[in-house]
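For reference, the structure discussed in these notes is given below.
The values are calculated or read from the model by the stated rules, or taken from the named source; none is laboratory data. Worth saying up front: this structure is predicted, and the values here are computed from it rather than measured. With ideal geometry, Cβ positions are generated from the backbone for all residues, glycine too; neighbour counts draw on all protein chains shown. Note: accessible area is taken over every heavy atom of the protein model, side chains too, but ligands, DNA and RNA are not part of it. Shrake-Rupley method; radii C 1.70, N 1.55, O 1.52, S 1.80 Å.
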Amino acid sequence: MRVTEFFEKNKNKTFVSFEVLPPLKGGSIKSLYEALDPLMEFKPPFIDVTYHREEFIYHQHPSGYYQKVAIRKRPGTVGICAALMNHYGVEAVPHLICGGFTKEDTENALIELNFLNIKNILALRGDARKFDEKFVPEPGGNEYALDLVKQIASMNQGSYLDSNIEKAEPMDFCIGVAGYPEKHFEAPSLKSDMKYLKKKIDAGADYIVTQMFFNNEKFFSFVEACRKEGINVPIVPGLKPLTKKYQLNSIPRHFYIELPDELVKSIQKAKTEEAVKEIGVEWCIAQSLELKKAGVPCIHFYTMSDSELIKKVCEKVC
Ligand code: FAD
């Protein structure tokens, strides 16, 4: 079922959904099942699976010189989606990115997803690769998530790149896109970011999932700004409990978001790792309950494949 159909059919309900990462190369899907098994009692309508493009690493040769090598540490997004759908009977949402894909690659990936009966996609641009100064699209690839949304929407109309195909079957993908309550880090302003978000929706995106945030006021202002801009699709807040002291620095650095002073102070005062986790979980529960009260259609948890604390939050929220 399309993600938005779940929302339409359950207007007064707040679902929970989860995002998982494919295991590191060499790992087994068992680790994902172990992470998800304890969360399935909360009946997520869908589970997102992230996509990880190749990274560059430097290999040192015995002679001393370094060779730049491209590796993919977490392949398998599509296979994992098919496995999750089969194993749990749940919708799986693969993340599809622009980076590393020509438009032909994207078309082929969409054909494969359609054959697997995968109905939902989160369409993203992807980040710049390590050692690249900025995001560089593949030659002949999509430059922005907007272009990817357009390509998917076009296939939903039965229009493929290969114009020689006669009677191409239209696809029926429900398209999610990313939104940033605290602005995407490259955007010069929230207003500029909002302008491009609106373009993604106008091009055919059906719903928005947000970057994580720790201050609900930022989310509520974002939703208000979206509605003012004429963006009327469902907006799903993304949350993650803070679990380690070092995340006070790493989360703002990686995700370009601000942590509320009150949360920062409590975590700084915590004496043990357990105390940090407790504070993080309590904060996430309070955020979730407030969002639920505000009537959000779903709360999307970034599990980082660690379900223990997410379960504690869901127990209080579901
Ligand atoms: P876009 O919507 O293309 O926006 C990128 C920037 O360009 C923004 O600053 C925007 O304002 C600007 N912009 C947009 N369109 C235009 C235009 N036409 N002209 C000029 N400027 C424009 N990354 C992964 O690699 N794999 C994942 O699985 C993954 N999952 C994610 C899930 C969520 C919920 C979120 C929030 C992010 C995820 N990311 C993932 C990270 C994401 O790829 C990065 O944040 C990336 O930098 C931006 O992606 P986007 O789709 O928001 O890009």
- What is the residue count in the stretch 131-154 for residues that are closer than 15 Å to Ala187 by Cβ and either among the basic types (Lys, Arg) or buried (at least 19 other Cβ atoms within 10 Å of the Cβ) (or both)? 3
- Subset of the stretch 216-255, residues open to solvent by 40 Å² or more (accessible area, probe 1.4 Å), within 16 Å of the ligand (Cβ to nearest atom) and among the charged types (D, E, K, R), comes to Lys218, Glu229, Arg253
- Message: Return the pair list, or none, for Cβ contacts closer than 7 Å from residues in the stretch 31-43 that are at negative phi and of a type in the set (Phe, Trp, Tyr) to residues that are part of a helix (DSSP H, G or I) and open to solvent by 40 Å² or more (accessible area, probe 1.4 Å), at least 6 apart or on different chains.
- Response: Tyr33/His87
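Hey, could you check the stretch 156-215 for residues that are of a type in the set (S, T, N, Q), open to solvent by 30 Å² or more (accessible area, probe 1.4 Å) and near the ligand (Cβ under 10 Å from one of its atoms) and say which is farthest from Gln287 (Cα to Cα)?
Filtering first and then ranking leaves Ser189.
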- Item | Near pairs, Cβ below 7 angstrom, 6+ apart or cross-chain, from the stretch 108-137 (more than 10 Å from the ligand (Cβ to nearest atom)) to any residue that is of a type in the set (Val, Ile, Thr) and outside any helix (DSSP H, G or I) | Leu113/Ile121; Asn120/Val93; Ile121/Val93; Ile121/Ile175
- Of (1) within 23 Å of Phe18 (Cβ to Cβ); (2) at pLDDT 95 or above; (3) within 12 Å of the ligand (Cβ to nearest atom), Glu143 satisfies all except one. Which? (1)
- Item | Members of the stretch 112-130 that are over 25 Å from Ala70 (Cβ atoms) and open to solvent by 30 Å² or more (accessible area, probe 1.4 Å) | Asn114, Phe115, Leu116, Asn117, Lys119
- Identify the residue in the stretch 256-278 that is in contact with a Lys or Arg (Cβ under 9 Å, 6 or more places away or on another chain) and of a type in the set (A, V, I, L, M, F, W, C) and, among all such residues, is surrounded by the fewest Cβ atoms within 10 Å (Cβ to Cβ). Ala275
- Could you say which residue among Leu36, Leu21 is over 27 Å from Phe135 (Cβ atoms) and open to solvent by less than 60 Å² (accessible area, probe 1.4 Å)? Leu36
- Would you pick out the residues in the stretch 300-313 that are away from the ligand (no atom under 13 Å from the Cβ) and buried (at least 22 other Cβ atoms within 10 Å of the Cβ)? Ile310, Val313
